[in-house]
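Novice: Before I ask anything, here is the structure I am working with.
The values are calculated or read from the model by the stated rules, or taken from the named source; none is laboratory data. Remember, predicted model here, so these are calculated numbers, not experimental data. Note that each Cβ is placed from the backbone with ideal geometry, even for glycine, and that neighbours are counted across all protein chains shown. Note: areas computed on protein heavy atoms with side chains; ligands, DNA, RNA excluded. Shrake-Rupley method; radii C 1.70, N 1.55, O 1.52, S 1.80 Å.
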Amino acid sequence: MINIVGQKIILKEATQQNLDELYYWKYEEKEQEAKKWNGPYIPELKITKEEFLKSWENDYEITVNTPKTLIIFVGDKLIGTVSSYWVDKNTNWLETGIVIYDKNYWNGGYGTEAYKLWIDFLFRTSGLHRLGMSTWSGNVRMIKVAEKLGMKEEARIRQARMVDGKYFDAIKMGILRREWETVFLMEV
């Protein structure tokens with residue numbers, strides 16, 4: 001069982017109880033504040049809890065012994081997830097993401113620490129050549145987090161995303177293994 005301990009947060013594999021709580025945050029929580037920032041231009045249909053659990057089980061690992069998603073905890077409180085998916089296995093290119101569902105933990109460094117631990121874990125446990133992330137120009141906090149962790153803007157597709165009736169740029173950022181080694185391994 002993966003258990004990555006930081007100063008503020010812990011990243012863990014999900015238990016059944018965690019999946020129930022994650023389902024609540026994704027589909028039942030009334031405000032849905034996180035959806036205003038995490039890909040608000042992508043329609044997300046509500047699925048049943050059974051469909052959610054089956055999907056989680058069927059799409060669990062990105063590689064052997066490496067889960068696609070870990071849960072972010074502050075103490076015993078679930079606040080979000082870090083995740084990944086393949087863009088191209090042939091070139092060892094993985095896309096990553098983070099969502100803090102509980103807005104009480106926004107702007108406190110929790111997301112930055114969780115994302116840093118996730119990127120570090122993925123590079124240390126795999127042969128990945130690059131990690132990337134995608135967002136929109138209105139999600140300034142996510143762009144700043146990625147920059148803090150050494151990611152560089154690699155593409156800006158002008159006015160490709162629409163949020164609340166306004167156009168925003170699509171942003172692609174990434175970090176190569178050699179850049180990660182320079183940034184992360186020098187801290188150790």
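Novice: If you go through segment 24-40, how many residues are part of a loop (DSSP other than H, G, I, E, B) and surrounded by 14 or more Cβ atoms within 10 Å (Cβ to Cβ)?
Specialist: Residues flagged as part of a loop (DSSP other than H, G, I, E, B) and surrounded by 14 or more Cβ atoms within 10 Å (Cβ to Cβ) within segment 24-40 amount to 6.
Novice: Same structure again: (1) at pLDDT 95 or above; (2) crowded, with 17+ Cβ neighbours inside 10 Å: which one isn't true of residue 128, the others all being true?
Specialist: Against the list (1) at pLDDT 95 or above; (2) crowded, with 17+ Cβ neighbours inside 10 Å, residue 128 comes up short only on (1).
Novice: Considering each residue of segment 114-158, count those that are within 12 Å of the chain's Cα centre (by Cα) and of a type outside the set (A, V, I, L, M), and give that number.
Specialist: Of the residues in segment 114-158, 6 are within 12 Å of the chain's Cα centre (by Cα) and of a type outside the set (A, V, I, L, M).
Novice: Next question, about the same structure. Please report, ordered by residue number, the strands (runs of 3 or more DSSP E) entirely within segment 54-97 with at least 3 residues that are of a type outside the set (Ser, Thr, Tyr) and either free of Cβ contacts under 8 Å to residues at least 12 places away in the same chain or surrounded by 12 or more Cβ atoms within 10 Å (Cβ to Cβ) (or both).
Specialist: Because the criterion is at least 3 residues that are of a type outside the set (Ser, Thr, Tyr) and either free of Cβ contacts under 8 Å to residues at least 12 places away in the same chain or surrounded by 12 or more Cβ atoms within 10 Å (Cβ to Cβ) (or both), the strands (runs of 3 or more DSSP E) in segment 54-97 that meet it are 69-74, 77-88.
Novice: Separate question: Conditions first: (1) open to solvent by less than 40 Å² (accessible area, probe 1.4 Å); (2) under 24 Å from residue 4 (Cα atoms). Residue 103 passes all but one, so which condition is the exception?
Specialist: Result: residue 103 passes all but (1).
Novice: Which of the residues spanning segment 142-176 are in a helix (DSSP H, G or I) and either aromatic (Phe, Trp, Tyr) or surrounded by fewer than 15 Cβ atoms within 10 Å (Cβ to Cβ) (or both)?
Specialist: Within segment 142-176, 144, 147, 148 qualify.
Novice: How many residues, within segment 1-23, are assigned to a loop (DSSP other than H, G, I, E, B) and in contact (Cβ under 8 Å) with a residue 60 or more places away in the chain?
Specialist: Final tally of qualifying residues: 5.
Novice: Among (1) out of contact with any strand residue (DSSP E or B) (no Cβ under 8 Å at 6 or more places or on another chain); (2) on the phi < 0 side of the Ramachandran plot; (3) modelled with pLDDT of 95 or more, which single condition is residue 161 missing?
Specialist: All conditions are met except number (1).
Novice: Another question, then. Given the structure, is residue 44 at pLDDT below 95, acidic (Asp, Glu) and assigned to a loop (DSSP other than H, G, I, E, B)?
Specialist: yes
Novice: While we're on this one: Which numbered condition in (1) out of contact with any His (no Cβ under 8 Å at 6 or more places or on another chain); (2) open to solvent by 30 Å² or more (accessible area, probe 1.4 Å); (3) aromatic (Phe, Trp, Tyr) is the only one that residue 118 fails?
Specialist: (2)
Novice: Still on this structure, I have one more. What's the number of the only condition in (1) closer than 28 Å to residue 170 by Cα; (2) in contact (Cβ under 8 Å) with a residue 40 or more places away in the chain that residue 30 fails to meet?
Specialist: Failed condition: (2).
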